[in-house]
Each structure stands twice: as C-alpha cells, then as structure tokens.
Amino acid sequence: MEFSLAYNSGMSKLMEQFEKQGDKENSSFFNEYLPLIYDRREQSGLDDLISKMRAVVIQVGPDDGLKYLEELYLMTPYRFHALYENETHRIYVLRIKPEQPDYIIVEPLSEDYYDNVSCMNGLFPRGCEKRRTKYLGEIFQVSDLAEVVKVLQSQQIRFQKAENVKNKFIGNENFRFTEPSYFTANVVGYTESDLLDYEGLGLGKRLDLDADELERLEKMDALQKHFGLLDLIYGIDHLATRVFCGSREDAILEFLTMSNYYYWGSFNIEEMNSSTNVCRNPQVKNELHSPAKVFTANNTPFYVNSVKDLASPTEDFVRNFGRRMHHIAYEVEDGETGGLKNIDYVVGKLVESDIPFLAKVIGECKDIPDLKQIFSKASKHSVLITEYDQRCKNFGGFFTKTNVAELTKAAGEDEGLKTMVGD
Ligand SMILES: [Fe+2]
C-alpha cells in the first residue's frame, strides 16, 4: 500500500474531534508527525483493528506474587480470578468486573530466573535492587492479530519472538508483545481474545490456590470489607510512565503509533520542572474501561539543571529506577463516609493497616469541581506507587497543577539513592 503522499492531509479526524488540552508546547517535529501518525493508523486499518485495553501485566520477583495479591486485596477492588503455571512463571489473573482490564501478575518459578527485564533494571542503581520486578505493559484486544502485527512490522515496530523470549507468558502464541520501548521500557501486547475466559489460551497448567494461600487472601478481603473500602475504590483510571526529558515526545508518538489512543494534551508543571502528558482511548466514555496512558518527563535534562537551579524529581526517578511505569491511579467514588471525603476515609483506613503513604491527601474539594489525590509509597512487591483520585463535583481532568507539583515533590523525597530491600 502506498502511504507517503496520503499522509499529508495534516488534519486527522481525531484532531478535529478532540481539542488539544494543556499549555505545554510541543516541537515542530511532534506537531508535524502527530496528524500523520493518526492518518497512517486510519489508513492502515489499525484504528478499526484495535479496541480496548483488556489487561495490564506486571512481573514480580520469585515468591512476591501472593504477597502482592494480599496488598492489592487491601488497596484495590481486584480479586483472584484464575491461576496458571507454565514452564517459567506462575500467572495470577485478577479481576474487578469483566468490562474493566484484568490485572495479570507473572511470577518467575525459579530464584535463578533472569530475563530482558533484569538486564534493563540492572542498568539503574535502584532498578537493580529488584531486578525481576517491573510493570511490563498492557494487552489490547484486536480483531485480527496477524494483521495488526503485519501492519506494525511494516511501520518498523518490532515484536518479541517466542523462540527468543525467556518469559513463556510473553512468548505465548495467543498474544504478541512488542519489544520493550527504547523510550518507556514498556511493551504493548495484543490478543484476539476478549480475556473474559483464559481457558484455551495456552497459559499453562490450571492451578488452585492452596488452603493457606486462600486463607491469606480471605483475611485481606475481610479486612477491606470491614473498613468498607471495597465499594469506594472503582478501578484503574490512568497508568503513568516516567521517561527521560528527551524521550517525552517519542514516548507519546510511539504509543500513539502502536495503539488506538489519541493525544489529549500536555501540562507544564513549572514548579517541578516537568510536564504531564495524557493519551486516552477514543472508544470509551469512562477511563475505567480503558485507562488513560500518562507520560511524565523533566522539561530540561539533569545535566543543565544546576545552571538555573531547577527541580528534577522526575528525571531523578528515571536515573535511579530506569524509564518505567511510576504509578497506577485508582478512582475513588465521589462523596463522603463518616464525615470525611471518601479519599480521606480510604487513606485513613489504609494507614491504620500499615500501608505507607507519601505526604497527605492533596487538593481541597470545596465548592467547585476539584480533585483530591494522594500517592502511596512504592510497593515492596511491584515497585509501583498507587495513586488515589477523588473527582469532586464532576472534575474533568486527571490532575491539577498544584496537586501534581506537591505529589511529585513528595515522591521525589522517597525515590533517592537509598537502598531498598530487594528480591
Ligand atoms: Fe497520576
């Protein structure tokens, strides 16, 4: 198919449909290629072939799987759905509702397991503390897997091949995963399955949790219900990846090349010398059904920051841990419980249960639409921060500038070059 001239329309339907938000300026390269990428997607059929995000995939260290499940049982509405074991991994599938993405945790069976994730993590002083542990990427449902792979390969996107991949979940023939991105270190996965039923997908031997494992999860389930948290936390709202300053536009455009998302906009967070950049799925009205993808980067690279004494917590994180998923945000129901805003109530109960948070809940939520937000400390099992968001009075965005500045600062204080107890 001949594309080159056809891409010069310069104004795709998606750009007409969704007005760009935010105040962060993009380069002329970005402004030139964004509509061309949309046009290429439409003409190559990808927009029609790809639908919603159906799962997120996280690799944890050996023996961290169940501990991570216990944490998720307390902090999120995710519940155990199925367990499989293949030649290399235990695969835990967790679910909230069928219409929301599943949470897939892959846990290496062997203490000696190392793969390409370990190599990437090994490059960074704090990434190497938990070398097997990393958010891997998302899985999108597609109507024709072979066609998606063919189209993306023709656009120079590379895929991981079963014969070269150590992780047998990533090498499964019912899925195809891109190579880890040079810009984000995340992969994008595709499957023809709606992932409502994992039988027949070759995930390995189906297992049951044993009595001890079930008891551990039931205990956390009972605790969450006792506190009344289950109905207050909805599900994943957005997934936020941190990248190096120079990779910001590449990270956005590459993700837009490989998905059916659109660029919502970029916001300058002056105080923290960073920006927050958001992509959303045009097929859903509610992010819970296909969460937003957020990319965060410094405005200037670390090596010039001393010239003007600029803040650098975002790039410090990337230098310490590597480019990677930084946090997963959950939406909290708007309203009050026991005289407190729901988010304050939820966080208060989690703190009582020894879940550590960075700073306090930020944002006011008085008489106008507003957002209250908080970051947990990074999980010992996934290295991921959990963000909670309460959108008061139908607040329409993903953050406020003041909130993000305070959250970024609080996280920065916890993400320095100190030692974490590793796997
Ligand atoms: Fe966030």
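The values are calculated or read from the model by the stated rules, or taken from the named source; none is laboratory data. Given the structure is predicted, the values throughout are model-derived calculations rather than measurements. Cβ placement follows ideal geometry from the backbone for every residue including glycine, while neighbour counts extend to all protein chains displayed.
Overview of values
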read-out	value
Residue within the stretch 67-78 that is over 22 Å from F175 (Cα atoms), part of a loop (DSSP other than H, G, I, E, B) and hydrophobic (A, V, I, L, M, F, W, C) present	no
Test result for K168, touching a His at 6+ places or on another chain (Cβ under 7 Å), over 15 Å from V56 (Cβ atoms), charged (D, E, K, R) and outside any strand (DSSP E or B)	yes
So D194, is it surrounded by fewer than 21 Cβ atoms within 10 Å (Cβ to Cβ), under 22 Å from L66 (Cα atoms) and in contact (Cβ under 8 Å) with a residue 60 or more places away in the chain	no
Near pairs, Cβ below 6 angstrom, 6+ apart or cross-chain, from the stretch 230-245 (away from the ligand (no atom under 14 Å from the Cβ)) to any residue that is of a type in the set (G, A, S)	V243/A251; V243/A297; C245/A297
Residues within the stretch 80-100 that are within 28 Å of E111 (Cβ to Cβ), out of contact with any His (no Cβ under 8 Å at 6 or more places or on another chain) and either assigned by TED's automatic domain parsing to the domain that holds S376 or not acidic (D, E) (or both), tallied	11
Test: D316 is away from the ligand (no atom under 16 Å from the Cβ), over 22 Å from Y68 (Cα atoms) and not assigned by TED's automatic domain parsing to the domain that holds V56	yes
Hey, A185 away from the ligand (no atom under 16 Å from the Cβ) and on the phi > 0 side of the Ramachandran plot or not	yes
Test: residue in the stretch 204-213 that is out of contact with any Lys or Arg (no Cβ under 6 Å at 6 or more places or on another chain), assigned by TED's automatic domain parsing to the domain that holds Y388, exposed (fewer than 14 other Cβ atoms within 10 Å of the Cβ) and not in a loop (DSSP other than H, G, I, E, B)	no
Residue selected from the stretch 387-410 under the condition in contact with a Lys or Arg (Cβ under 9 Å, 6 or more places away or on another chain) and assigned to a strand (DSSP E or B), by the criterion farthest from the ligand (Cβ to nearest atom)	C392
Inter-residue pairs, beta-carbon under 7 Å, first of a type in the set (F, W, Y) and in the stretch 288-300, second within 15 Å of the ligand (Cβ to nearest atom) and assigned to a strand (DSSP E or B), 6+ apart	F295/T241; F295/N277
Unmet criterion (only one of (1) at pLDDT 85 or above; (2) buried (at least 23 other Cβ atoms within 10 Å of the Cβ)) for F398	(1)
Among residues of the stretch 200-222, those that are hydrophobic (A, V, I, L, M, F, W, C) and in contact (Cβ under 8 Å) with a residue 24 or more places away in the chain, counted	6
Hits in the stretch 258-273 - residues which are crowded, with 20+ Cβ neighbours inside 10 Å and in a helix (DSSP H, G or I)	M258, M272
Residue tally, condition part of a loop (DSSP other than H, G, I, E, B) and either within 14 Å of the ligand (Cβ to nearest atom) or closer than 17 Å to F317 by Cβ (or both), over the stretch 355-379	4
Members of the stretch 21-64 that are among the small types (G, A, S) and within 23 Å of the chain's Cα centre (by Cα)	G22, S51, A55, G61
Matching residues, the stretch 288-313, being assigned to a loop (DSSP other than H, G, I, E, B) and either over 20 Å from L358 (Cα atoms) or within 16 Å of the ligand (Cβ to nearest atom) (or both)	S290, P291, N299, T300, P301, D309, L310
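Conditions tested, residue by residue: (1) within 30 Å of K308 (Cα to Cα); (2) more than 14 Å from the chain's Cα centre (by Cα).
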residue: Q224; (1), (2): no, yes
residue: L230; (1), (2): no, yes
residue: G235; (1), (2): no, no
residue: H238; (1), (2): no, no
residue: F244; (1), (2): yes, yes
residue: A251; (1), (2): yes, no
residue: F255; (1), (2): no, no
residue: N260; (1), (2): no, yes
residue: E270; (1), (2): yes, yes
